[in-house]
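Remarks on the structure that follows.
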């Protein structure tokens, strides 16, 4: 009995000591690109940034409902795309000037949401 137990224990421990490798289809660049919008602060309406800031340029974001069974265009998706575009310009903030939803079909979209704003670079406190 002692020999069987020892053999089973050695077999279990040797299985745990194997060299496992982990392969993933996730790309580090794609993850950074996906989350870069979270580095951009959104300012809407009367909520403007405190202190001085530098204008980086005009940016826009769009959301499109491509087919009848697709998700409707949303202002949230349009704002997120605008934040990504602001990050591409080196901005850490965006002042949304206007967001609009178009319900009529046009330009390949059944419904469309569009947000326009100014990309800005504010002083960061470290």
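The values are calculated or read from the model by the stated rules, or taken from the named source; none is laboratory data. Just so we're clear, the structure is a prediction, and the values are computed from it rather than from any experiment. Counting neighbours? That spans all protein chains shown, and the Cβs are built from the backbone with ideal geometry, glycine included.
Residues in the range 47-105 that are touching a residue at least 60 places away in the same chain (Cβ under 8 Å) and in contact with a helix residue (DSSP H, G or I) (Cβ under 8 Å, 6 or more places away or on another chain): 56, 59.
Does residue 116 count as surrounded by 14 or more Cβ atoms within 10 Å (Cβ to Cβ) and either outside any strand (DSSP E or B) or at pLDDT 95 or above (or both)? Considered against the rule, which asks whether it is surrounded by 14 or more Cβ atoms within 10 Å (Cβ to Cβ) and either outside any strand (DSSP E or B) or at pLDDT 95 or above (or both), residue 116 comes out as yes.
A count restricted to the range 83-98 and to residues that are crowded, with 18+ Cβ neighbours inside 10 Å and in a strand (DSSP E or B) stands at 4.
Taken as a whole, the condition of being buried (at least 16 other Cβ atoms within 10 Å of the Cβ) and either in a loop (DSSP other than H, G, I, E, B) or at pLDDT 85 or above (or both) applies to residue 78.
Taking the options 26, 42, name whichever one is at pLDDT below 95 and in a strand (DSSP E or B).
After ruling out the rest, the residue left standing is 42.
Taking the criterion of being surrounded by 12 or more Cβ atoms within 10 Å (Cβ to Cβ), at pLDDT 85 or above and out of contact with any strand residue (DSSP E or B) (no Cβ under 9 Å at 6 or more places or on another chain), would at least one residue in the range 46-68 satisfy it? The answer is no, given that none of the residues of the range 46-68 is surrounded by 12 or more Cβ atoms within 10 Å (Cβ to Cβ), at pLDDT 85 or above and out of contact with any strand residue (DSSP E or B) (no Cβ under 9 Å at 6 or more places or on another chain).
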